[in-house]
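The values are calculated or read from the model by the stated rules, or taken from the named source; none is laboratory data. In this text the structure is predicted, and so the values were computed from the model without any measurement. Methodologically, a virtual Cβ is constructed for each residue, glycine included, from the backbone with ideal geometry; neighbour enumeration extends over all protein chains shown.
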Amino acid sequence: MNIEKISKKLGWLSPAMAATVETVLRRIPAVRKKMETEYAEVLKTLEQHLKPYKGKEPSYPLLPEEGLSKEAVLDTLKRLAEKEKPKWQKGLVSGAVYHGDPEYDNFLAEAYRIYVQSNPLHADVWPGLNKMEAEIISITAHLLGAGDSKEPIVGAVTSGGTESILLAIKTYRDKARREKGITQPEVVLPVTAHAAFDKAAHYFGLRLVKIPVDKNSVPDLRAYRRAFSSNTVAAVGSAPNFPHGTIDPIEDMARIARRKGVGFHTDACLGAFILPFARELGAPVPPFHFEVPGVTSMSADTHKYGYASKGTSVVLYRGEELRRYQYFTATEWPGGLYFSPTMAGSRPGGLIAACWAALIAQGQKGYRHAAAAILETTRKIREAVQEIHDLRLIGESLFIITFGAAREDFNIYRVMDAMAQKGWSLNGLHRPPCLHFTVTLRHTQPGVADKFVEDLRTSVREVKEMPQAADGLAPVYGMAASLPFRGMVDDLLRGYMDVMYKV
Ligand SMILES: Cc1ncc(COP(=O)(O)O)c(C=O)c1O
């Protein structure tokens, strides 16, 4: 692949130099044409992976004149779901499904069904939703140190981790604008913080000041301290971060932010419903929530280790005053007095009912039990990965296994392909190139961890025996990770999204 050759030759360019070279290259028609041909080739490979039903299942690009029978519709849904189910149900997918027991899924679906038509925007019609939402927030806050806080820990139920993060960042931006007159807001955070913060900065016009991490994913605290300016409106840490599953030194980071007079957000989208129980079980969980005085907000995903169905998360704030900056009101609209606490207007009350049902049905005991099984499975896999000499574990993590190659000439993305051939779905990460596997209840089923380890050993051996094979997605990952021209990678991602929306 030509793009791959370019990456290898020009990998030494600094990001700024690469951007300049790329701008110049893009102005040359022959180069532009060549790039487009290469994109088309890469996208074609990706399309094959993305559209397995093309030509095999009936397609409905237009509304049928006469609706299909409900039986036919449900049959189609069941057929597709049955094809997709074995992979995640058997525990072959990293993260994604955190519980997934069929009986439990029916219970969540039943809770959703009972409130299927409801919308919390109409609090007068469905006061039950309002009650459930308030209880979800209170339960989450109390798992995360509300009992230790002089100020009340308050919050809102959102549609997922990304929305919780978007809202927290918007809140800090608006507070700083109102109280300090800051018009060029900045947020300080490690490079490992979730991309949702990039999205928040993009949507709401903030600048992110990113801090490097060391080879074990620990943020550079000196760089962190130096990154604050008079425009800083918030700082962020993760508990844990998505890429490597490590918990940032929240106590130190929040203390520094507090001294600088800036709020601190702990992103516990992943950790909120497992770390408190892991700590009870004796695992080394450093302070990360409202027990730390400088922590002023948090994101906590009920739809991950909270075992709710997809579509809910909680954003929390220390004090009602801070939460007020999140709210939206419109007092002059002819449609009436309008107010909305989160991003969406209408919201699916069924998801709130299912989330509430999950929390109440699990109870402390359910979460503790689940945490124990997940921690044990992770420990077992991590120990085995440590013994594979061609791999290097990245960071200390309680429920995520991230590993790269121990040598530069070993292509870790080929291991991902070899694992994919055995049915596994791992996440391919970059900077540094590595793979990651988030352990959920799916992986605590008997035999899953052993099969993972066995298949990983075999995959590593296969890659060593045939280092040059170029099928699968490894070349695409490799190229996307190393290409100095990030505008090209950006184009490719946009092209990928176009492909996703093709019927
Ligand atoms: C640490 C962390 N923060 C935020 C998010 C974003 O959550 P969501 O995908 O629910 O929007 C994730 C998702 O994996 C995450 O791992």
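One residue stands out among those in segment 171-197 that are of a type in the set (Asp, Glu) and surrounded by 14 or more Cβ atoms within 10 Å (Cβ to Cβ): the one that is farthest from PHE228 (Cα to Cα), which is ASP174.
Scanning segment 269-289 for residues that are more than 15 Å from the ligand (Cβ to nearest atom) and closer than 14 Å to HIS142 by Cα yields a count of 2. Looking only at residues in segment 391-411 that are more than 20 Å from the chain's Cα centre (by Cα) and in contact (Cβ under 8 Å) with a residue 60 or more places away in the chain, the one that is surrounded by the fewest Cβ atoms within 10 Å (Cβ to Cβ) is ASN411. Taking residues in segment 142-167 that are more than 13 Å from ASP301 (Cβ to Cβ), and partners anywhere that are within 12 Å of the ligand (Cβ to nearest atom) and assigned to a helix (DSSP H, G or I), the pairs with Cβ atoms closer than 6 Å and at least 6 places apart or on different chains are LEU166/ALA200.
With within 25 Å of the chain's Cα centre (by Cα), within 15 Å of the ligand (Cβ to nearest atom) and buried (at least 22 other Cβ atoms within 10 Å of the Cβ) as the only criterion, which of TYR317, TYR305 stands out? Before you say what the answer is, go through the steps one by one.
Values: TYR317 fails: within 15 Å of the ligand (Cβ to nearest atom).
Going through TYR317, TYR305 in turn, the sole match is TYR305.
Return a yes/no flag: does segment 137-150 have any residue that is part of a helix (DSSP H, G or I), within 16 Å of the ligand (Cβ to nearest atom), at pLDDT 95 or above and in contact with a Phe, Trp or Tyr (Cβ under 7 Å, 6 or more places away or on another chain).
Within segment 137-150, not a single residue is part of a helix (DSSP H, G or I), within 16 Å of the ligand (Cβ to nearest atom), at pLDDT 95 or above and in contact with a Phe, Trp or Tyr (Cβ under 7 Å, 6 or more places away or on another chain).
Considering LEU46, LEU80, the condition of being at pLDDT below 95 and in a helix (DSSP H, G or I) is satisfied by LEU46 alone.
Output yes when any residue across segment 170-177 is farther than 16 Å from SER297 by Cα and away from the ligand (no atom under 16 Å from the Cβ), and no when none is. Yes, segment 170-177 contains a residue that is farther than 16 Å from SER297 by Cα and away from the ligand (no atom under 16 Å from the Cβ).
Evaluation of ILE352 against the conditions (1) surrounded by 19 or more Cβ atoms within 10 Å (Cβ to Cβ); (2) within 14 Å of the ligand (Cβ to nearest atom) shows that the sole unmet condition is (2).
Applying the set (1) of a type outside the set (Ser, Thr, Tyr); (2) assigned to a loop (DSSP other than H, G, I, E, B); (3) in contact with a helix residue (DSSP H, G or I) (Cβ under 6 Å, 6 or more places away or on another chain) to ASP248 leaves exactly one unmet item: (3).
Every condition in (1) away from the ligand (no atom under 12 Å from the Cβ); (2) closer than 30 Å to GLY428 by Cβ; (3) assigned to a loop (DSSP other than H, G, I, E, B) is met by TYR224 except one, and the failing one is (3).
Contact annotation: residue pairs with Cβ atoms under 6 Å, 6 or more positions apart or on different chains, pairing a residue in segment 469-492 that is of a type in the set (Phe, Trp, Tyr) with a partner that is surrounded by 15 or more Cβ atoms within 10 Å (Cβ to Cβ) and at pLDDT 85 or above, are TYR477/TYR413; TYR477/GLY428. Is it fair to say MET343 is within 16 Å of the ligand (Cβ to nearest atom) and assigned to a strand (DSSP E or B)? No: the conditions fail for MET343.
Being touching a residue at least 24 places away in the same chain (Cβ under 8 Å), more than 16 Å from the ligand (Cβ to nearest atom) and loosely packed, with under 15 Cβ neighbours inside 10 Å is not true of ARG79.
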